[in-house]
Amino acid sequence: MFSITNLHAELPAEIDPFTRRLLTDRIRDAIVSGLAEMTHILLVERDDGEGDFLREAAFSPFYNPLSETRFGHPDFEPPWCWSGRMEHWGWEAIHTVGNGGFAFVILIPDAEGIDPKLLTMLREFAPFS
């Protein structure tokens, strides 16, 4: 999982051009809106799973603490407040924490090696945008 907590730092050179532009756009949006210090960007990578979310962000995309349900339960809804499908790339989700403005911006490519359970959940819950 590629994790960005310092939005003013340079991005690694090996990031592909489309993903670099996507990350740069999200970083610019957070800085312009005065939320750079309250934004943590997560880019899901090949072979990342629930443990990577727990380690990097202290939450699971498969568990909603408000309803105390896990993905697969009939009442489950993902823990984030917004998600959407980006044509030709994958998904974006925003998970806010508390009322102070802190948020995780999560970018999930629709690609080989991405957790199939995560992709299944996104296909079910994230509308095309």
Qualifying positions in region 79-129 - charged (D, E, K, R) and in a helix (DSSP H, G or I) | K117, R123, E124
The lone condition W82 fails out of (1) surrounded by 13 or more Cβ atoms within 10 Å (Cβ to Cβ); (2) within 21 Å of M121 (Cβ to Cβ); (3) in contact with a Phe, Trp or Tyr (Cβ under 6 Å, 6 or more places away or on another chain) is (3)
Among all residue pairs at least 6 apart or on different chains, which show Cβ distances below 7 Å where the first residue, located in region 108-121, is farther than 12 Å from R85 by Cβ and the second is of a type in the set (D, E) and surrounded by fewer than 17 Cβ atoms within 10 Å (Cβ to Cβ)?
-> G113/D47
When region 1-54 is examined, which residues are found to be among the aliphatic types (A, V, I, L, M), free of Cβ contacts under 8 Å to residues at least 24 places away in the same chain and over 18 Å from M86 (Cβ atoms)?
-> A9, L11, A13, V32, L54
Picked from region 64-78 (must be of a type outside the set (D, E, K, R) and not in a loop (DSSP other than H, G, I, E, B)), the residue farthest from the chain's Cα centre (by Cα) is H73
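Quick one: which of L42, L23, L7 is modelled with pLDDT of 95 or more and assigned to a helix (DSSP H, G or I)? Spell out the reasoning first.
Numbers: L42 fails: assigned to a helix (DSSP H, G or I); L7 fails: assigned to a helix (DSSP H, G or I).
Exactly one residue qualifies, and that residue is L23.
Considering each residue of region 74-129, count those that are of a type in the set (K, R) and under 21 Å from L54 (Cα atoms), and give that number. Even if it seems obvious, please write down each step before you answer.
Taking region 74-129 and keeping what is of a type in the set (K, R), we get 85, 117, 123.
Those still in the list that are under 21 Å from L54 (Cα atoms) too: 117.
So the count comes out to 1.
Touching a Phe, Trp or Tyr at 6+ places or on another chain (Cβ under 7 Å), under 22 Å from A9 (Cα atoms) and surrounded by 17 or more Cβ atoms within 10 Å (Cβ to Cβ): which single residue out of I94, I108, I27 fits that description? Give the steps one after another, and end with the answer.
Values: I94 fails: surrounded by 17 or more Cβ atoms within 10 Å (Cβ to Cβ); I27 fails: touching a Phe, Trp or Tyr at 6+ places or on another chain (Cβ under 7 Å).
Unique residue meeting the criteria: I108.
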Scanning region 45-57 residue by residue, those assigned to a helix (DSSP H, G or I) and either farther than 16 Å from I106 by Cα or in contact with a strand residue (DSSP E or B) (Cβ under 8 Å, 6 or more places away or on another chain) (or both) turn out to be F53, E56, A57
Please work out which one of (1) farther than 16 Å from T120 by Cβ; (2) assigned to a loop (DSSP other than H, G, I, E, B) is the condition P61 fails and give its number.
-> (1)
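The values are calculated or read from the model by the stated rules, or taken from the named source; none is laboratory data. Keep in mind that what you see is a predicted model, and the values were worked out from it rather than measured. Cβ sites come from the backbone with ideal geometry, for glycine too, and all protein chains shown count toward neighbours.
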